[in-house]
Amino acid sequence: MRTYPTDLLLAVEHVEHSLRNGDLAPLRDALAREGVTDPLRRFDCEQLFEGLDRLLGGVSQYPWQPLTDTDDVLETRPVGAVLLDDERAEATLRGLLLAWALGNPVTVRSTRPQLWTAVMEALRDAGVPLPDGHVVAPGTDVTGVRVDVPELPADAAVALDCQAPWVHRLLDRRHLPGTSLARVRGDDTLERDSRLTARLRYLVARARRAPYYADLPRITSAAGLTGLPILEKQALEANSLPASRNLCSGAAPSGEVLRSGATSGDPRYIVYSRTDWENMVREAVPMLYALGVAPGDRIVNTLFGGGMYGGLTTTFSEFSRMPVECYSTGQFVTVDDLLMLTKNFRANVILGMPALILPLLRDAKKRFPELRIEKVLYGGTPMTENDKRWLREELGTQMVSSILAANDGAQLGYQCHALGGTLHHVNDDYTLIEVVDENGTPVPEGTTGELLITSMQKFEGALIRYRIGDMGRIFEHTCPCGLSGRVLEYLGRSDGLIRFKGETVLYGDVFAVLADLHVSQLQIEVFTEGSKEILVIRTEAPTPPDPGRMRELLVSKFDVLGDYQDFDSTLDVFELRVESLAEGELPRNQVSGKVKTVIDRRLEVSA
């Protein structure tokens with residue numbers, strides 16, 4: 001069975017705490033007598049994490065490191081049995097910790113067997129899986145790679161030790177050409193559960209540093225996730241900055257802070273530590289390759305930026321690692337910008353939200369009929385099949401791919417070239433998605449429900465079983481792209497339903513009915529006006545359809561939108577209004593650029 005560096009880190013943290021608390025005073029004294037004058041310096045969990053993270057190109061990605069210049073991976077494996085001849089206790093201790101961190105069974109040849117037996121037992125007392133370890137007498141014939149660990153100055157940082165040449169004798173690296181991160185993880189079926197369990201075990205341990213999660217039960221299996229409490233939006237807001245520091249770990253500040261789109265209420269601030277940010281970028285680069293980005297692409301990035309919103313910021317960090325040329329215009333892009341970039345720089349890719357890029361591209365096409373865009377990458381809101389068809393027919397677009405993402409937890413899912421509609425591959429190693437009913441109970445595979453996310457590699461302001469307010473269903477799928485595994489069918493916001501005349505109207509159903517009229521954006525608003533309840537349906541389309549025709553179509557498909565009602569028909573208490581707008585005329589959120597899809601002003605309370 002594979003072991004993971006994160007479990008060794010948890011074991012070291014356990015020993016570190018025990019030494020500080022005096023629980024391992026005999027071991028501390030024994031190490032000091034043998035020349036380890038400052039045992040706490042050698043059991044420094046944070047320093048060891050930093051060193052291993054640099055050595056491995058990401059502890060959280062172990063055992064595969066995605067390469068940024070290609071869609072390949074490097075695989076890191078233990079060399080196998082390691083032999084340490086115990087000449088200096090301080091060097092032997094460093095060798096044991098790093099050999100175990102990299103998954104190697106270790107034999108120590110020593111004249112002080114009790115010391116190393118006690119060290120191994122103290123580490124195993126953390127209750128996490130660790131490699132085998134044995135202590136034998138000097139001169140014993142042992143098979144394995146003999147590693148000589150050089151002396152280290154007493155004040156040297158553990159993190160720097162991880163960069164020393166001797167450490168590379170503890171690992172074996174091989175390049176897997178033509179193998180993507182998603183493919184190698186998908187093929188790792190025998191280790192999948194243990195891999196995810198190790199990720200969850202480390203996440204929960206890190207989360208427990210924050211007051212909000214201090215009493216969180218430990219995880220012993222991937223299935224144990226469902227026994228943890230659900231994080232509701234109200235609790236997240238109440239315990240996050242600026243309202244509270246209860247979700248902060250107390251670590252020294254580092255990294256980047258984003259803010260929510262704040263479509264309603266006060267904004268919430270999302271902290272990504274330096275490690276969290278690096279993990280996001282490491283996981284995003286192979287996802288962008290899977291979306292269709294290729295070396296040499298020239299990308300117009302129109303995602304929203306400013307106001308600490310993350311769309312432009314995160315992708316800027318990701319594209320800067322890749323062999324592509326990027327033009328980060330943000331939401332302020334103009335038709336002139338787009339035409340200049342496609343003509344002079346030969347930009348062939350555009351990234352943005354449909355609410356912004358579709359009107360932009362249509363205007364650009366009118367001004368320059370020869371306009372061509374090879375790839376369109378989008379996020380924020382779904383794109384209609386009519387709009388995708390227009391891109392392919394009018395702009396010669398070969399690839400239209402969607403990213404599901406959120407400021408809270410970064411990328412949730414992505415489309416390869418073979419997935420259509422709202423189907424998305426998921427990455428359980430980065431964001432583990434559950435589907436539950438309204439009571440938080442997991443539903444059977446393929447059943448529609450509410451989505452919970454657990455951000456597996458975000459440790460500051462951890463998100464564990466966070467109800468994001470979206471609906472979907474997950475099922476196993478063998479994709480023509482070659483991946484087999486879980487896919488998410490994203491079904492929109494869980495508040496995307498409207499109660500009207502005592503009946504329920506689903507936003508998605510209304511949108512589907514309007515598809516034949518080439519509608520690009522839909523907003524539904526309900527409010528009261530005097531004694532009447534008003535339902536307004538607003539649409540955007542490149543060629544706005546006749547409102548009367550839309551009204552007739554909607555009433556023919558939804559009885560509740562017509563004269564039907566379950567009470568006295570002489571009472572005039574409901575009204576349907578239809579507004580047909582040109583593209584770009586619906587109001588956009590100034591921070592996120594999104595169109596609010598459902599507005600129920602009946603829920604508003606006057607001051």
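The values are calculated or read from the model by the stated rules, or taken from the named source; none is laboratory data. Remember, predicted model here, so these are calculated numbers, not experimental data. Cβ: placed from backbone, ideal geometry, glycine included. Neighbour counts: every protein chain shown. To get the accessible areas, we keep the full protein, side chains included, count just its heavy atoms, and leave off ligands, DNA and RNA. Shrake-Rupley method; radii C 1.70, N 1.55, O 1.52, S 1.80 Å.
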Nearest-5 percent of antiparallel DSSP beta bridges in the chain? 60
Against the empirical 2.2 N^0.38 Å scaling, what ratio does the C-alpha Rg of the stretch 121-214 come to? 1.51
On the principal axes of its Cα set, how long, how wide and how thick is the stretch 268-308? Give whole Å, largest value first. 34, 22, 13
Per the Debye formula with a single identical scatterer at each Cα and no solvent contribution, what log10 I(q)/I(0) holds for the stretch 165-218 at q = 0.16, 0.20, 0.21, 0.28 Å⁻¹? -0.77, -0.86, -0.87, -1.01
Reference-scaled alpha-carbon Rg (2.2 N^0.38 Å with N residues) for the stretch 57-125: 1.41
Count charges around residue 173 for me, please; just the other residues with Cβ under 11 Å from its Cβ, Lys/Arg as +1, Asp/Glu as -1. 0
Determine ³J(HN,Hα), in whole Hz, for all residues of the stretch 374-379 in sequence, where each value follows from phi through the Karplus function 6.51 cos²θ - 1.76 cosθ + 1.60 and θ = phi - 60°; x replaces Gly and Pro. 6, 9, 10, 10, 9, x
Past 29 Å, Cα to Cα, is the threshold; run 532/596; 233/594; 233/557 against it and keep the listed order. 233/557
Run the accessible area of the stretch 52-122 with a 1.4 Å probe and give the carbon-and-sulfur part as a rounded percent. 48
Would you mind checking the tilt of helix 335-344 against the longest principal axis of the Cα atoms of the chain, expressed as 0 to 90 degrees and rounded to 10? 60
Could you work out the equivalent-ellipsoid semi-axes for the chain, taking the square root of 5 times each eigenvalue of the Cα gyration tensor, largest first, in whole Å? 53, 27, 20
In whole angstrom, note down how far apart the Cα centers of the stretch 168-247 and the stretch 424-487 are. 13
So how tilted is helix 354-367 from the main axis of the chain? Cα-based, degrees 0 to 90, rounded to 10. 60
List the residues whose amide H sits under 5 Å from the amide H of residue 405, counting only those 5 or more places along or on another chain, with H placed 1.01 Å from N in the peptide plane. 380, 412
Among the GluC sites (Glu not before Pro) within the stretch 117-194, which fall in a DSSP loop and have no more than 15 other Cβ atoms within 10 Å of their own Cβ? 151
Could you tell me the relative contact order of the chain? Use alpha-carbon pairs under 8 Å, at least six residues apart, and round to a whole percent. 10
Local net charge near residue 398, Cβ-Cβ under 11 Å (Lys/Arg +1, Asp/Glu -1): +2
Place +1 on the Cβ of every Lys and Arg and -1 on the Cβ of every Asp and Glu in the stretch 134-283, take the dipole about the Cα centre, and give the residue among 258, 156, 220 whose Cα lies farthest towards its positive end. 258
Summed residue charge, Cβ within 15 Å of residue 376's Cβ, Lys/Arg positive, Asp/Glu negative: +2
Rg [Å, one decimal], Dmax [Å, integer] - the stretch 224-284, C-alpha atoms: 13.3, 34
With an 8 Å cut-off on Cα pairs and a minimum separation of 6 or more residues, tell me the relative contact order of the stretch 213-282 in percent. 22
Can you list residues from other chains, or at least 5 along the same chain, whose modelled amide H is less than 5 Å from the amide H of residue 136? 108, 109, 110
